[in-house]
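**Q** First the structure, then my questions, so here it is.
The values are calculated or read from the model by the stated rules, or taken from the named source; none is laboratory data. As the structure is a computational prediction, the values presented were derived from the model and not from experiment. Cβ coordinates were reconstructed from backbone atoms using ideal geometry, including for glycine residues, and neighbour counts include every protein chain displayed.
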Amino acid sequence: MLTDREKRDARIVLAYFFGQEAADWPVNDRVIEKLGEMLMRENTCSAAMNLVPRPGLVDKDYIKRQLSGIARRILAGDHAYHICKQAVSYGWKRRIQLASQGL
């Protein structure tokens, strides 16, 4: 059984990924399970994006400067790239909608 706080937190995450309409979806244990799977996918995408050097002419000095930022983002682990958010929400919206309906 989910607490009111857990349901509220889940709705915040749902709205972040799927828009305000998702804030009204029923939240149950199946939704929480699907959210967990989705967030693991998003984290994998963000971790991969952190390893990509930023655009521009790449020389040895540029790479050295970028390594610090890449390492800092890897250690922080609190950043979702917009492209990852979009890709994850596209693939998971229907699954979570069905889970919220008990299907």
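**Q** Here is a check on your reading of the model: is Leu35 modelled with pLDDT of 85 or more and on the phi < 0 side of the Ramachandran plot? Step through it out loud before you land on a result.
**A** Details: modelled with pLDDT of 85 or more: yes; on the phi < 0 side of the Ramachandran plot: yes.
For Leu35, the condition - modelled with pLDDT of 85 or more and on the phi < 0 side of the Ramachandran plot - is met.
**Q** Being over 11 Å from the mean Cα position of the chain (by Cα), basic (Lys, Arg), at pLDDT below 80 and assigned to a helix (DSSP H, G or I) narrows it down to one residue among Arg95, Arg72, Arg11; which is it?
**A** Values: Arg95 fails: at pLDDT below 80; Arg11 fails: at pLDDT below 80.
Every option except Arg72 fails the conditions.
**Q** If Lys60 satisfies all but one of (1) modelled with pLDDT under 85; (2) closer than 30 Å to Gly102 by Cβ, what's the number of the condition it fails?
**A** (2)
Yes/no per residue for (1) outside any helix (DSSP H, G or I); (2) within 10 Å of the chain's Cα centre (by Cα); (3) under 29 Å from Thr3 (Cβ atoms); (4) at pLDDT 85 or above:
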| residue | (1), (2), (3), (4) |
| --- | --- |
| Val31 | no, no, yes, yes |
| Ser68 | no, no, no, no |
| Cys84 | no, yes, yes, no |
| Gly91 | no, no, yes, no |
